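Novice: So that we are looking at the same thing, I have put the structure below in structure tokens.
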Amino acid sequence: MPYLAIDTSSAVAVAIVADDGATLCAASALEPRRHAELLAIMISDVLRDSGVARDELVGVVAGTGPAPFTGLRVGLVTAQTLGFALGVPVHGVSSLDALAAGAVRALALPTGVEVLATGDARRREVYWARYRVSETPGIELLAGPGVARAAALVANGMAAGAVVVGRGAAGYPAELPSAEGAPLDPDPADLVRLALSRLAAGEVLPTEPLYLRRPDVHGTPAQP
């Protein structure tokens, strides 16, 4: 029973994932301004390459950010549209949760270690959330998500003693030195793994986006 995973919080990333968490096929492209252009093509490609037909999908899981407005909106709207068209549920998981879970796996972090997951928020800021590695459900959110300058995270102690991962930190190595071998972007397969664990625990996984701040472009208020 395969799931489609979509994350557009950083790279454009998609995956077909089995219900045991195994990745059947995945693709990503670090093209932060071409989400709308690339996403539909990449979904078609991973379905074809995995041998999974659209009507075999049993659900869609989308990264809810935090991320800049436009790219995140493309991913979530695409997920919701596919879910409606296929008649399957759509679940949302924080992209920073997936990034932290991927770091735990990639770095083989033991229980009790804390992780600061970061994304590129532009405007000289990073998206962030701090986690503790736990036996069940694997990661425990301690603080965040939020958006701040790297120096502010250091000043308030949010980075102290944590394994730092993600593309946000990569832009500020002096303030937020990243762990060697740590992932830069969320693996969309981790969205499905987290979703399946949380659904099994009875959680509801809404798809509301985590923008954390207003978009760069706003409409002009109507004049009276």
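Novice: Gly65 - would you say it is modelled with pLDDT of 95 or more, on the phi > 0 side of the Ramachandran plot and in contact with a Phe, Trp or Tyr (Cβ under 8 Å, 6 or more places away or on another chain)? Spell out how you get there, then give the answer.
Specialist: On the way: modelled with pLDDT of 95 or more: yes; on the phi > 0 side of the Ramachandran plot: yes; in contact with a Phe, Trp or Tyr (Cβ under 8 Å, 6 or more places away or on another chain): yes.
Considered against the rule, which asks whether it is modelled with pLDDT of 95 or more, on the phi > 0 side of the Ramachandran plot and in contact with a Phe, Trp or Tyr (Cβ under 8 Å, 6 or more places away or on another chain), Gly65 comes out as yes.
Novice: Restricting to segment 177-200, what's the tally of residues that are among the hydroxyl-bearing types (Ser, Thr, Tyr) and either surrounded by fewer than 19 Cβ atoms within 10 Å (Cβ to Cβ) or assigned by TED's automatic domain parsing to the domain that holds Ser9 (or both)?
Specialist: Initial filter on segment 177-200 (among the hydroxyl-bearing types (Ser, Thr, Tyr)): 178, 197.
After this cut, where a residue has to be either surrounded by fewer than 19 Cβ atoms within 10 Å (Cβ to Cβ) or assigned by TED's automatic domain parsing to the domain that holds Ser9 (or both) as well, the list is 197.
Count: 1.
Novice: Also, I was wondering about something else. If Ala18 satisfies every condition in (1) more than 13 Å from Ala189 (Cβ to Cβ); (2) not assigned by TED's automatic domain parsing to the domain that holds Val147 but one, which is the exception?
Specialist: Answer for Ala18: the failing condition is (1).
Novice: Show me the helices (runs of 4 or more DSSP H) found entirely inside segment 86-189 where at least 2 residues are within 19 Å of the chain's Cα centre (by Cα) and within 27 Å of Met1 (Cα to Cα).
Specialist: 95-107
Novice: Something else now. Does segment 45-60 hold any residues that are of a type in the set (Gly, Ala, Ser) and surrounded by 13 or more Cβ atoms within 10 Å (Cβ to Cβ), and which are they? Steps first, answer last, please.
Specialist: First pass over segment 45-60, keeping only residues of a type in the set (Gly, Ala, Ser): 50-51, 53, 59.
Within segment 45-60, Ser50, Gly59 meet the criteria.
Novice: Can you tell me which of (1) modelled with pLDDT under 95; (2) in contact with a Phe, Trp or Tyr (Cβ under 9 Å, 6 or more places away or on another chain) is the one Arg122 doesn't meet?
Specialist: Against the list (1) modelled with pLDDT under 95; (2) in contact with a Phe, Trp or Tyr (Cβ under 9 Å, 6 or more places away or on another chain), Arg122 comes up short only on (2).
Novice: Let me ask something additional. Return the total of residues in segment 2-16 being within 15 Å of His91 (Cα to Cα) and assigned to a strand (DSSP E or B).
Specialist: Step one: of segment 2-16, the residues within 15 Å of His91 (Cα to Cα) are 2-8, 14-16.
Those left that are additionally assigned to a strand (DSSP E or B): 3-7, 14-16.
Here the count works out to 8.
The values are calculated or read from the model by the stated rules, or taken from the named source; none is laboratory data. Predicted model, so just to flag it, every value in this text is computed and none were measured. Neighbour counts are summed over all protein chains in view; Cβ atoms, including those assigned to glycine, are modelled from backbone coordinates with ideal geometry.
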